[in-house]
Structure formats: structure tokens, C-alpha cells
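Below: one structure, written as C-alpha cells.
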């Protein structure tokens, strides 16, 4: 790693680990080392780090909770940036509006909303991601999506903080204005509704009960591997094709939910990719449906 770059980004608001295993930072528990793992605590520190990355030609990738990623066995060259500190903060702006930092977990946002009698975010309880990642991909479950609650998002564009709201957010199925762009989400304002705290609690419990019954929460995974094909359900197609429980090494199509691939111990990224391609190939051959990956491959 470029020592001049490391010196340039040093500050009280920046924490640096070199040669850091990405398996420690992804829900799949898979991935080689990154040259440099950087945690930044505020927007000014983030701007300085990004500027230094450009100056020293260090490629960078901003990570949330690592819950939707498959990192290469060879790791990631350059820097991985994680938003912490100020980015973890959640603030109540009024009885129905909450501002969540991009680094805050969805679990923390759901609990904050419940504790402040704000309803509307119950669908997100149990989604293992960050607010920034959820906005980026318009995460959703059980009839709810981020597009239903997110009103305004602040983001970084070439060192300038900008704001976007309403229809300009371009929310659609697993897509937003930010998808496949280099902008960095800083925080999001959510419009919720005044609701009885106990009612929110029971809805959250119901959501979690459904997850526990249907999803392999006891194994490392990256959530749903494939997007929902129009007119179909990916898990149903995979099961129909006899692929439930199929393995490549320690990577396995979950026996509990065919839409998940789980890590049964020491699965490699290559094993997961091979299994994904096998599933896509068989489903295409037997049903004519082309499955599109929901998880991101990096490194």
C-alpha cells in the first residue's frame, strides 16, 4: 500500500487497517484481503479520503454492512471505505420524520422508529443491511420497500454534498437513482406515521417470525441471490428444477429457501460463483427464464 497515501489520510476521524480480511466484513463470511480498510467518522473525513484516493490513484469501494456482496477470493485492490461515527446517527426531526445516517443499520433504524412510536418501517426488521445500502438498492420485504418511506437523501458528488427527493430518487424494484453510480449516500430522511408502540412491536415480531420460518438465518449468506423474474419467483423456479440443496464445495443452495445460497463452513467466492452459474444455466435450460443476480460481485 502506498505509504504516502496512508500518511495523507491519517486523522482522528479516520481509522486504517492494512491487509484486512474482507471475510470479517461480509455476511457471507467470504472474501480475500483488501489492501486498505478505512473507517471514516464524518463527511469532512470522507471527502479528504476520497480526494487522497484520487490524488494517489487508489481505487476505492464504499461498503455498508457487506450483506449483499460476494468478495473475490483474491480480495480487493485499493481501499474499502466504511462509514461510521456520525454516519451511524439517527435523529428524530419531528413526530413523523427521522434522519438516518447511511452507516446506521436497518435494525437500529427500526428500533428507533418503534421506540419513538413511528410506524412504516416494520417491513425492514431483520433485513441485515445499512440504511445507505437499503436506499441504494431500494431494499424491501413482505410488501414494503424503502421507496415507501424515504423522502430525501443527501449524497456526496465529487466532494460536494447534494440533496435529492421525491420522484428524482427513481425508486423501482431493487433500483434507485444511485444504482451503478459513483455517488456516496450520506443520510436519508424517512417519512413515517404516528403509531402505537406495541402495534409496531407486534408487526416487527410477525415479520421476524416469517423470516425465521422461511429463511436460513443460521448460515452465512448474502440474502436473496436472484432478483424476482417478471411473472415468476426465483426460489420456486430453482426448486422446480431440482436444485434445492445442490452444492459446490461448501456453497449450497439452501434447503430451507432455494433463493438463498449459504456458506456451510469454508465456501470460497469461486464456489459460490460456480453454483450461481450452474443454477442460472439449469433454470434457463429447463424453464427459459433468465435469472439476474441481486448480489454484487467485487474484487
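The values are calculated or read from the model by the stated rules, or taken from the named source; none is laboratory data. Please read all numbers here as calculations on a predicted model, not as lab measurements. Methodologically, a virtual Cβ is constructed for each residue, glycine included, from the backbone with ideal geometry; neighbour enumeration extends over all protein chains shown.
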Open item on the list: Take the conditions touching a residue at least 60 places away in the same chain (Cβ under 8 Å), in contact with a helix residue (DSSP H, G or I) (Cβ under 9 Å, 6 or more places away or on another chain) and farther than 25 Å from residue 93 by Cα and apply them to residue 224. Does it pass?
Closed with: yes
Open item on the list: Whether any residue in the stretch 149-161 is touching a residue at least 60 places away in the same chain (Cβ under 8 Å) and closer than 21 Å to residue 225 by Cα is what I want to check.
Closed with: no
Open item on the list: As an exercise: evaluate residue 161 against (1) surrounded by fewer than 17 Cβ atoms within 10 Å (Cβ to Cβ); (2) more than 21 Å from residue 47 (Cα to Cα) and give the number of the one condition it does not meet.
Closed with: (2)
Task: Residue list for the stretch 15-32, restricted to those being more than 20 Å from the chain's Cα centre (by Cα) and closer than 12 Å to residue 80 by Cβ - done: 16, 17, 18, 19
Open item on the list: Residues to consider are 203, 217, 186; find the one that is in a loop (DSSP other than H, G, I, E, B) and within 22 Å of residue 138 (Cα to Cα).
Closed with: 217
- [ ] Only strands (runs of 3 or more DSSP E) wholly contained in the stretch 60-165 count here; list those with 1 or more residues that are touching a helix residue (DSSP H, G or I) at 6+ places or on another chain (Cβ under 7 Å), modelled with pLDDT of 95 or more and over 23 Å from residue 295 (Cα atoms).
- [x] 90-94, 97-101, 150-157, 160-165
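Regarding residue 124, is this residue in contact with a strand residue (DSSP E or B) (Cβ under 9 Å, 6 or more places away or on another chain) and without any contact (Cβ under 8 Å) to a residue 24 or more places away in the chain?
yes
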- [ ] For the stretch 261-268, state whether one or more residues are surrounded by fewer than 18 Cβ atoms within 10 Å (Cβ to Cβ), touching a helix residue (DSSP H, G or I) at 6+ places or on another chain (Cβ under 8 Å) and modelled with pLDDT of 95 or more.
- [x] no
TODO: Select, from 230, 294, the only residue that is in contact with a helix residue (DSSP H, G or I) (Cβ under 9 Å, 6 or more places away or on another chain), at pLDDT below 95 and more than 30 Å from residue 96 (Cα to Cα).
DONE: 294
TODO: Could you tell me which residue of the stretch 6-53 is farthest from residue 267 (Cα to Cα), considering only residues that are touching a helix residue (DSSP H, G or I) at 6+ places or on another chain (Cβ under 6 Å) and assigned to a helix (DSSP H, G or I)?
DONE: 8
- [ ] Identify, by number, the condition in (1) in contact (Cβ under 8 Å) with a residue 24 or more places away in the chain; (2) closer than 30 Å to residue 148 by Cα; (3) crowded, with 17+ Cβ neighbours inside 10 Å that residue 88 doesn't meet.
- [x] (1)
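Sort through 42, 74, 115 and tell me the only one that's more than 28 Å from residue 297 (Cβ to Cβ), outside the structural domain of residue 158 (by TED's automatic domain parsing) and touching a residue at least 40 places away in the same chain (Cβ under 8 Å).
Going through 42, 74, 115 in turn, the sole match is 42.
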Open item on the list: Looking at (1) outside the structural domain of residue 21 (by TED's automatic domain parsing); (2) in contact (Cβ under 8 Å) with a residue 60 or more places away in the chain, which one does residue 108 not meet, given that it meets all the others?
Closed with: (2)
Task: Failed item in (1) surrounded by 23 or more Cβ atoms within 10 Å (Cβ to Cβ); (2) within 17 Å of residue 41 (Cβ to Cβ), with residue 60 passing the rest - done: (1)
